[in-house]
1. Given the residues H104, H93, which is the only one that is closer than 25 Å to E164 by Cβ and touching a Ser or Thr at 6+ places or on another chain (Cβ under 9 Å)?
2. Identify, by number, the condition in (1) crowded, with 16+ Cβ neighbours inside 10 Å; (2) closer than 22 Å to Q14 by Cβ that S62 doesn't meet.
3. Applying the selection to the stretch 64-80, what residues are assigned to a loop (DSSP other than H, G, I, E, B) and farther than 19 Å from Q102 by Cα?
4. Scan the stretch 68-106 residue by residue and report those that are out of contact with any helix residue (DSSP H, G or I) (no Cβ under 6 Å at 6 or more places or on another chain), hydrophobic (A, V, I, L, M, F, W, C) and surrounded by fewer than 18 Cβ atoms within 10 Å (Cβ to Cβ).
5. Name the single residue that is surrounded by the most Cβ atoms within 10 Å (Cβ to Cβ) among those in the stretch 148-157 being of a type outside the set (S, T, N, Q) and assigned to a helix (DSSP H, G or I).
6. Out of I38, I88, which single residue is part of a strand (DSSP E or B), touching a residue at least 12 places away in the same chain (Cβ under 8 Å), of a type in the set (V, I, T) and on the phi < 0 side of the Ramachandran plot?
Amino acid sequence: MYDELVDIVNEQDQVDRGHQPGQLGQQNLNTRIVLAFIVNHEKKFAILRRTADKIYSPLHLSIVGGGVQSGETYEQAAKREIAEEVNIQVDQHQFKFLGLHQPHEGWHNPSGGLFKAIYEVTMNSSEMNYSQADFCELLWLTPEEILKKTESDKVATGLVWLLERYYL
């Protein structure tokens, strides 16, 4: 996972060069990530607790997401991450693009800027087989319940900002 190449991009989100994620923390470079809200038929959101061995945000509540690999589009990366992390094939569900955010919008990554593409998948059920290598708990919560949970639990960077931006 951490030896995958990602594209380094300039301030206009144009590819500059490929780079290995393990080296990104030492430099101030812009990269791309995707994040996806998974919503069920009851209008509740899949909030997943990351495993303890994660480099970023261990045991934090999070949504599905990850880095855009070199040569991938944001949409391709979102579909791949959703399939890898929660075993959902988005072509079988409602899948939509919510927005693209610049590195200075929302939150800052200490190792460099992040262009953030946000997606939503609406499912007809609450059945989900999440990757136990990535997550150790799944909660189905309303946006208001998520905010309440953040008062007493660790939450991945940006989750509250995205929730407020798109759903509250």
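The values are calculated or read from the model by the stated rules, or taken from the named source; none is laboratory data. The shown structure was predicted, so the numbers you read here are calculated from the model rather than taken from an experiment. Methodologically, a virtual Cβ is constructed for each residue, glycine included, from the backbone with ideal geometry; neighbour enumeration extends over all protein chains shown.
1. Details: H104 fails: touching a Ser or Thr at 6+ places or on another chain (Cβ under 9 Å).
When all the criteria are applied, what remains is H93.
2. Evaluating S62 over (1) crowded, with 16+ Cβ neighbours inside 10 Å; (2) closer than 22 Å to Q14 by Cβ leaves (2) as the failure.
3. G71 - this is the single residue of the stretch 64-80 that is assigned to a loop (DSSP other than H, G, I, E, B) and farther than 19 Å from Q102 by Cα.
4. Listed by number, the residues that qualify are A83, F97, L100.
5. Narrowing the stretch 148-157 to residues of a type outside the set (S, T, N, Q): 148-149, 151, 153-156.
Still in the list and also assigned to a helix (DSSP H, G or I): 148-149.
On the way: K148: 12, K149: 14.
Checked the stretch 148-157; the qualifying residue surrounded by the most Cβ atoms within 10 Å (Cβ to Cβ) is K149.
6. On the way: I88 fails: part of a strand (DSSP E or B).
None of the others qualify; the one that does is I38.
Condition check ((1) assigned to a helix (DSSP H, G or I); (2) farther than 15 Å from A46 by Cβ; (3) not hydrophobic (A, V, I, L, M, F, W, C)) across all residues:
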residue	(1), (2), (3)
I82	yes, no, no
V121	no, no, no
E137	no, no, yes
I146	yes, no, no
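Yes/no per residue for (1) out of contact with any strand residue (DSSP E or B) (no Cβ under 7 Å at 6 or more places or on another chain); (2) among the aliphatic types (A, V, I, L, M); (3) without any contact (Cβ under 8 Å) to a residue 24 or more places away in the chain; (4) crowded, with 16+ Cβ neighbours inside 10 Å:
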| residue | (1), (2), (3), (4) |
| --- | --- |
| E127 | yes, no, yes, no |
| Y130 | no, no, no, yes |
| F135 | no, no, no, yes |
| L141 | no, yes, no, no |
| I146 | no, yes, no, yes |
| L159 | no, yes, no, yes |
| E164 | yes, no, yes, no |
